[in-house]
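Read the figures in this text as sums done on the coordinates, not as results from a lab. Remember, it's a predicted structure, so these values are computed and weren't measured experimentally. Counting neighbours? That spans all protein chains shown, and the Cβs are built from the backbone with ideal geometry, glycine included.
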Amino acid sequence: MVKQNNHSKQIILAAVAAIVLTSPVQAKDNEVVQNKFISAYSSAVKSEKGLNRLQAVKSFQAASEIHSRDFATLTKLGLMHLYSDSSGDIKNKSVEKSITYLTKANSIKPGDSMVALLLGRAYQSIGESEKAIKFLSKAANLEPDNALLNTSLGALYFEQKEFKKTIEIFSKIVVVYPDNLKARGYLGAALQAT
């Protein structure tokens, strides 16, 4: 388990307090529910920082049961289920759970590009290309200068053999980021394929 210094704990508690204070709760239950949520959320963060992913997921789920519409908790759960091991590989058995949590997060903040990106990657991992394109396009439109978002969309278009769209996206990326080797590679491969 990784030890945290007092400063890290204070930052975590401040973040948790900020989340709790912005979460809708009935007034009479406010303090009790907030204390339960803070406990569950801070336990999740500590477990995540200590690299205990299973305990972190359980604690985030407990926090989600207390505040079922907390954006940060839903996003964390979606991310943790999407990348269910520390290698960063997507595991299909958890993707459906990820989609459920991320869809809820998206309904709370439909303008969040990272949630749209994660939803796109989740759908892509289970072969639902239309939905993947929908969410990756949304993410790229929300942040048109973000190379990561555009690269994800362009790579999916390449996978789908939509080379004109691939060329269009990666041509824009290499103008802004000429040293982006991934973009250059996709652009070259798409140009050769046409």
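Tally Lys/Arg at +1 and Asp/Glu at -1 over every other residue whose Cβ is under 12 Å from the Cβ of SER171; what's the total? Display every interim value, and only then the final one.
Values: positive: LYS164, LYS165, LYS172, ARG184; negative: GLU168.
So the surrounding residues net to +3.
Using the structure shown, list the pairs from LYS97/LYS172; LYS138/LYS182; LYS76/LYS109 with a Cα-Cα distance above 26 Å, or answer none.
Listed pairs above 26 Å: LYS97/LYS172.
What is the calculated FRET efficiency for GLU96 to ARG184, with r their C-beta to C-beta distance and R₀ = 35 Å, to the nearest 0.05?
Calculated transfer efficiency: 0.50.
Between LEU54 and ASP145, what is the label-point separation in nm under the 7 Å Cα-to-beta-carbon projection?
Label at ASP145, label at LEU54, 4.5 nm between them.
Could you give the length gained by full extension between TYR177 and ARG69, i.e. 0.36 nm per residue of separation minus their alpha carbon distance, to one decimal place?
35.1 nm
Could you derive backbone 3J(HN,Hα) for the stretch 123-135 from the dihedral phi with the Karplus parameters 6.51, -1.76 and 1.60 (θ = phi - 60°), listing whole Hz in sequence and x where the residue is Gly or Pro?
Coupling constants for the stretch 123-135: 5, 4, 5, 9, x, 8, 5, 4, 5, 4, 4, 4, 6 Hz.
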